[in-house]
Each structure stands twice: as structure tokens, then as C-alpha cells.
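> The structure's right below; bear with me while I get my questions together.
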Amino acid sequence: MDGTETGWGRSAEPAPRWRALFDRARLGGRPAEPAEPDRRSEDAARESLPGRGPGGGWSGRGSAAVPPPADPGYGLDPSYGADPGYGPDPGYRAGASYRVDPVYRADPGYPADPGYRAEPAYPAEPAYPVEPAYPADPGYRAAPGYPPEQARPPEPPVVPSRYALLDSGYRPEPPPPESRYALLDSGYRAPGYAPPEPVYQPPEPAYQPPQPAYPEPGYPAEPAYQPDPPAYPPAVTADRGYPARIEPARIEWRQQAPQDEQERAAGILRRDLGTPRVLAFANPKGGVHKTTATVLAAATVGSVRGRGVLAWDDNELRGTLGLRAGSARHARTIRHLISDLAHIEIRDGAELLESLDDYLRHASDGSYDVLAGEESPRFAQRLDQFTVKRVLELLRRTHDVVCVDTGNNVESPNWRTVMQAADQLVVTTVPREDAAFSADWMLDLLHEEGMGELADNAITLISCPTPGRSTLQDDLERHFATRTRAVAVVPYDPVLETGSSIEYHQLQAETRAAWLRAASVMLEPFAR
């Protein structure tokens with residue numbers, strides 16, 4: 001393209017004339033632009049005939065006239081440099097109305113102001129002159145020795161302290177700003193003026209973090225307290241500024257140690273039982289350890305509680321509880337108590353305890369009392385329902401736990417009366433089929449007699465008469481677990497094999513631990 005066309009084939013607008021003249025004047029003169037010939041006649045002729053357009057790709061009547069190519073010298077070449085020897089073209093002739101603007105100079109015809117004088121450099125005024133209308137006081141003298149005001153030293157940069165977190169936020173008040181009239185001060189001081197003495201203000205002490213207290217010399221430093229690590233992870237944790245995270249609680253099962261189990265059982269026996277409780281040990285079959293269970297239950301509870309426990313032999317057919325438990329201080333039995341019952345039951349408090357003690361036997365360690373049964377079989381006719389109730393009411397007034405050996409006759413009035421008054425039934429048996437059959441038949445009988453609740457809440461106590469574990473024991477445990485509230489097993493102990501007097505402290509540790517667990521199961525529903 002030669003500069004006269006656009007990129008779309010249309011004629012470009014020619015550069016204005018004033019711009020070309022301005023460039024020539026700025027560059028110091030260039031060859032004069034040749035006069036443009038009058039081409040109006042040629043343009044008119046071209047309009048009359050159609051022809052091919054220059055570079056546009058189309059032609060026709062009415063198309064704009066194509067201007068002549070621009071002067072190659074027009075514009076600035078990037079590599080063009082001003083020639084120092086370049087001069088105006090002698091053949092150049094400007095138009096009649098064109099005048100070259102002469103180089104600007106100061107107008108010589110402009111007269112300067114005769115009274116104008118350039119001010120000299122303004123010197124620093126040493127002091128503010130007093131106005132002529134107010135002459136200075138001739139007696140004024142400046143105060144001798146008045147020191148000039150010292151320049152304020154720059155404040156030291158603030159260094160961040162490592163105790164920034166402990167900063168209490170206190171900051172001293174900033175100094176008052178200087179008066180805005182300080183620059184207008186002329187330095188005048190009245191005669192006799194003396195500057196005020198500066199008031200001394202001690203500097204603020206630098207902040208010192210609290211120092212740890214050190215022990216006195218001669219004493220070792222106490223170690224820092226270290227909290228025990230938690231046994232379980234915390235339920236709510238927060239880490240690095242994030243919101244608290246709630247973690248699910250974790251329940252961990254741990255096998256209970258034997259020592260912990262023993263402490264729990266003893267704790268149950270020490271609790272308040274509310275009212276005196278009657279434990280009935282029953283099984284119509286003989287030889288199933290009813291008497292042994294009655295004595296050991298009373299001895300176990302009494303060893304923990306200390307007092308208030310009694311074992312009663314309510315067997316109307318010559319029971320042996322009085323022979324195997326307690327010391328024979330006297331030969332009195334239930335027969336003697338019934339004979340004097342009217343005189344004893346009217347007493348109360350300590351007088352009642354003292355009167356009843358004459359008819360009871362005591363364990364060697366004093367942990368429990370014993371009410372022995374009558375050896376004569378004819379006495380059974382006197383143990384009617386009314387008499388048994390009176391004896392039970394008397395024993396409940398003086399003891400917290402009464403363990404009763406019920407005998408073997410389920411049709412006797414004393415057996416039925418004790419069952420109706422009992423708070424807890426203990427079914428004693430051994431790993432034998434006949435003993436288990438008798439215990440199971442008794443439970444059915446209680447349901448028929450309207451004491452099904454007592455049978456369902458009963459405890460089955462299985463005593464092992466031999467050292468080894470019987471194959472029938474597992475079947476008995478599964479069977480009676482479906483008929484009673486719980487099943488307790490006590491192991492074999494050689495001390496009990498002889499059938500002599502039972503001494504609780506002579507039992508093996510395993511036997512005592514088993515009886516402690518069994519006794520706690522018996523009284524657990526009543527412990528508060």
C-alpha cells in the first residue's frame with residue numbers, strides 16, 4: 001500500500017496541509033511539495049466512464065476519485081536523522097498568504113518598567129523587627145544565660161518484646177503538642193522573667209515479666225506438677241484454632257479383678273437393709289447341706305456386718321444346728337424360749353436384748369447368734385403357726401438378718417409359716433439327681449400354694465460335696481437358672497467334711513470368697 005488506501009480497499013483521507021507544513025518547519029525545511037495540478041477536468045472525465053478501481057477490487061460510477069500518491073518524503077522515516085547541513089530549497093516558493101513564523105525572541109519594543117528591580121536573595125531574618133509604631137523598650141535586656149531550647153532527640157525505634165503476650169496494655173500518655181504559636185514567638189521576655197524550673201518526673205521503669213519464685217537456699221526445688229494422663233481420650237477436642245470436634249464416647253470393658261469383686265460383695269452386705277430380713281433355707285430332701293448353708297450364711301454376713309445376725313434351727317425332728325454352730329454356754333433351746341416368751345416379748349430396748357441373750361448361743365468370734373432346736377421329737381406339736389409367728393416377730397426386733405433352717409416336712413405348720421414370712425428363699429442342693437428332683441418339686445408346690453413370687457425370686461445354692469466338678473453340675477446350673485433368680489456355687493472344703501463344729505475362720509480362702517459372693521446375691525435386692 002502507498003499510504004493512500006486503507007486496509008479494506010477504500011481511499012484514505014489525505015493528510016491535512018497544515019501538518020505537512022508543521023513538520024517542515026520543525027525539521028528545518030524540506031523540499032517544497034509540488035503544486036497539485038488541477039485535475040478537476042480529469043476527474044469529470046473519469047466519472048463519465050466506468051473503469052477499474054485502483055486496488056479496491058471493484059469499480060463503477062459514483063466511486064470516489066483516487067487521489068494521487070502521497071509524497072514519498074512525507075512523514076518521518078525511523079532511520080531518518082536531521083542533516084546538519086541541510087538547508088531550505090532555493091526553488092521553494094511559498095504561497096502568497098504564507099508567512100514563515102520568525103524565531104521567537106523577546107519583543108524589543110516592550111519597554112521594561114523603570115522602577116522594577118529584581119529583589120536580591122532573601123536573607124534569613126535574625127529577629128522579627130518591631131513595628132515602627134511600637135518602639136522597643138530602651139530598658140529591655142534579654143535574660144542573661146538563658147539557654148536556647150534543646151532539640152528533641154529522636155525517639156528510639158520500638159523493638160518488639162518477647163513478652164508481648166504478657167503486655168497489660170498500659171501505655172504512658174503522649175507528650176502535649178507544641179503550641180501553634182511557637183513560630184510567632186519574638187523572643188521577648190519581660191524584665192525579671194525567669195523560666196520555670198522543670199518538674200522532675202522519674203522515667204517509667206521498663207516492664208519486667210514476673211519472675212518465678214525460687215525456693216529458699218538449702219531446700220530442693222519442688223518438681224513441677226504433672227497431671228495424670230487421662231484414662232480415656234477427651235470427648236471434645238480443639239486443635240490449632242479449629243472448631244471443637246465432638247468425638248464419640250468409648251466404653252471399654254475390663255474384666256473385674258477378684259479383689260474388686262470381693263469389695264463389691266462386702267459393700268452390699270454393709271448396706272442398710274431397710275427392715276429386718278428373714279432368709280429361709282429349704283429342701284425337703286435331707287443331706288443337701290441345709291444346716292451347713294444356714295450356719296455359713298449367718299457367719300459370712302455376721303463377719304461383715306459385725307452384729308445383728310442370728311441362725312435359727314426350726315427343724316421339728318431333732319435338728320443339729322445348735323451342735324455345729326455356737327458355743328454351748330448353756331443347754332437352753334427354742335423350748336425354753338417359748339415357755340418364757342410371754343415375759344420376754346413385753347420388754348424393749350436393752351432390757352429385751354439382755355433377757356433374750358439368756359436363751360441364745362454365740363459363735364466363737366461373736367459374729368452371729370444361734371437359737372438351737374429342741375432335741376425331743378415330741379416338742380414339734382407345740383410349734384404351731386401362731387407360736388412361730390410370735391418367735392419371728394421377737395427375733396426381728398433384736399436382729400437385722402435371721403437365717404432359718406426349715407427342716408424337711410413341708411406339711412408342718414412351722415415350715416409353712418416360715419415360708420410365708422420369708423423375704424428370701426434359698427434352695428439348697430448338691431449335684432445329685434434325687435436332691436435336684438426334690439428341690440424342683442418344692443418349687444412347684446410353692447406355686448400351687450400361692451407363693452410363686454417367692455419361688456421365682458429364690459436363690460439356688462449348689463454345694464459341692466467332693467473336690468472334683470461333677471458332670472451333672474452344669475445341667476443343674478442351666479436348669480435352676482430358668483426357675484430361680486440366680487444360681488450360686490460354693491466349692492468343696494475339707495473342714496466341712498467331718499460334720500463337726502463349723503468355724504468360719506478355718507475355711508479355705510476360696511471357700512470364704514465363694515460364700516461372700518453367695519451371701520451378697522441373697523441380700524442384694526434389699527440393700528440400699
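Computed from the coordinates by the stated procedures, all read-outs in this text should not be read as laboratory data. For clarity, every value in this text was computed on a predicted model and none was experimentally measured. Because the Cβ atoms are built from the backbone with ideal geometry, glycine has one as well, and the counts that use them run over all protein chains shown.
> Could you give me the radius of gyration and the Dmax of the stretch 368-493, taking only the C-alpha atoms into account and expressing both in angstrom?
16.0, 45
> Regarding the stretch 277-526, what's the average projected area of the Cα-atom convex hull, expressed in nm²? Walk me through the numbers on the way to the answer.
Numbers: hull surface 50.1 nm².
The Cα convex hull of the stretch 277-526, projected and averaged over all directions, gives 12.5 nm².
> By how many nm would the segment from HIS505 to ASP475 grow when fully extended, if each residue of separation counts as 0.36 nm and the alpha-carbon distance is taken off?
In short, 7.6 nm is gained.
> With a 10 Å radius around each residue's Cβ, average the other Cβ atoms per peptide and rank 486-493, 422-429, 265-272, highest first. All intermediate terms of the calculation are to be shown ahead of the outcome.
Working: 486-493: 18.1, 422-429: 24.5, 265-272: 15.4.
Ranked from most to least packed, the peptides come out as 422-429, 486-493, 265-272.
> Give me D for the stretch 358-441 in µm² s⁻¹, whole number, from Stokes-Einstein with Rh from the Kirkwood sum over alpha-carbon pairs, 37 °C and 0.692 mPa s.
221 µm²/s
> Now a separate question. Under the Kirkwood approximation for Rh and a Cα-based Rg, what ratio Rg/Rh is obtained for the stretch 311-366?
Here Rg/Rh amounts to 0.98.
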